[in-house]
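The values are calculated or read from the model by the stated rules, or taken from the named source; none is laboratory data. From a predicted model like this one, the values you see are computed outputs, not experimental measurements. Because the Cβ atoms are built from the backbone with ideal geometry, glycine has one as well, and the counts that use them run over all protein chains shown.
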Amino acid sequence: MSKISATITAPENRQAPPAPVLRDALELVVSAVVPRTKNIVSVHFRAAGQQDLPGFVPGSNLAVECSGTGGRTKTNAYSLTGSGTFPEEYTISVLRQDDGAGGSRHIHGLRPGDRVRAARPRSAFAPVTTARRHLLIAAGIGVTPILSHARSAAEWGREAVVISVHRDGVGPHSAELRKIAATNPSISFLECDNRTDFSQRLTRILRQQPLGTHLYVCGPEQFMDDVLAKARTAGWPGERLHSEAFGQAELDPGDPFAVTLASTGEWIAVPSGRTLLEALEAAGKNIPNLCRQGVCGECRLGVQAGRPLHRDSYLSDEERAEAASIMCCVSRSIDPEMELEL
Ligand code: FES
């Protein structure tokens, strides 16, 4: 998958409680490992016991407990590639990142019969089922949630145009997408192996879509920014544009600030280089979180006073302007002090 950039690690010098998303964990067993390209594998999981696997919304991710660098346990979220309807198994596809924190190496090391713990699937990239048509655009390993959307669209007879941009010969799920398009008249599939060609075709395709089409894009940040900018230029309103980020850029350490908790009056300092989430955890607060990169929406907190410095990819422009919420895993405060609804 597109790793949704999720890494949950224990702050230093503190016995971390179990990650909240894993409190109600699913016990899974690896049923198959299928190489896709030289550095991408698909891993299939079944329930370890007799229970049915929970269904999920297309575009959902599965947060899998992994051992990372230094033997620390963490949770990485990966897009599920299935449609989510009565799943008999969960499948993720993972790009191996040798310079990463170890999560992808852990997934690549799994073998049939291995057991893993995972959170129930979550979605922050669901299709709008009332859309007239779906324009699904992926680059590289970003194809994984797009494949999930395409499968669901095919199952339910929704119209979809799927575009996958990848280097020549290495489209990780192109074979499945070709098959879906060949057997479902409501789906069309287009592959591009160079950006210039893609850009020209996208301009044309954006102009051809009927009113009521929704666009979904997943891929590297710059790719998504370019696609969304092009769509806006072509007159697409923001509410019809949806994106899922992965591999966010490293954020700067930011200025120090402090928060007061409205319920107790407690005052907590957030030094430069430490996130608000880490500061709250260090103070013993148990804040739900999943991606820790401003993507999933799990760590949202209410703001009673002060101006958030939004650095997430989750809140809408309207929500940012309202300044009533903050994604505490990445965002900070413009003011030296902020009051939280906590
Ligand atoms: S933990 Fe995902 S947005 Fe903060």
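Values computed for the structure shown
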quantity: Residue within region 233-254 that is of a type in the set (F, W, Y) and over 19 Å from the mean Cα position of the chain (by Cα) present; calculated: yes
quantity: Strands (runs of 3 or more DSSP E) lying entirely in region 240-342 (those with 1 or more residues that are more than 12 Å from the ligand (Cβ to nearest atom) and within 22 Å of Y78 (Cβ to Cβ)); calculated: 241-245
quantity: Top-ranked residue in region 117-127 [being outside any loop (DSSP other than H, G, I, E, B) and closer than 16 Å to S79 by Cβ; ranked as farthest from the chain's Cα centre (by Cα)]; calculated: A118
quantity: Where D114 falls short, out of the listed (1) over 14 Å from T91 (Cα atoms); (2) in the same structural domain as F198 (by TED's automatic domain parsing); calculated: (2)
quantity: Criterion (in contact with a helix residue (DSSP H, G or I) (Cβ under 7 Å, 6 or more places away or on another chain) and loosely packed, with under 13 Cβ neighbours inside 10 Å) met by exactly one of G265, G238, G169, G212; calculated: G238
quantity: Every residue from region 145-197 that is in contact (Cβ under 8 Å) with a residue 40 or more places away in the chain and among the β-branched types (V, I, T); calculated: I146, V161, I163, V165, V170
quantity: Close pairs (7 angstrom Cβ cut-off, 6 or more residues apart or separate chains): of a type in the set (A, V, I, L, M, F, W, C) in region 289-304, within 6 Å of the ligand (Cβ to nearest atom) and in a strand (DSSP E or B) anywhere; calculated: C299/M327
quantity: Residue list for region 207-223, restricted to those being touching a residue at least 40 places away in the same chain (Cβ under 8 Å) and more than 21 Å from I40 (Cα to Cα); calculated: Q209, P210, L211, G212, T213, H214, L215, Y216
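Yes/no per residue for (1) over 23 Å from E176 (Cα atoms); (2) in contact with a helix residue (DSSP H, G or I) (Cβ under 6 Å, 6 or more places away or on another chain); (3) not in a strand (DSSP E or B); (4) not acidic (D, E):
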| position | (1), (2), (3), (4) |
| --- | --- |
| S93 | no, yes, no, yes |
| H106 | yes, no, yes, yes |
| G113 | yes, no, yes, yes |
| I141 | no, no, yes, yes |
| A150 | no, yes, yes, yes |
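So that you can scan it fast, the table gives a plain yes or no per residue for (1) closer than 21 Å to I92 by Cβ; (2) small (G, A, S); (3) in the same structural domain as T37 (by TED's automatic domain parsing):
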{"residue": "A153", "(1), (2), (3)": "yes, yes, no"}
{"residue": "G171", "(1), (2), (3)": "yes, yes, no"}
{"residue": "A181", "(1), (2), (3)": "no, yes, no"}
{"residue": "C192", "(1), (2), (3)": "no, no, no"}
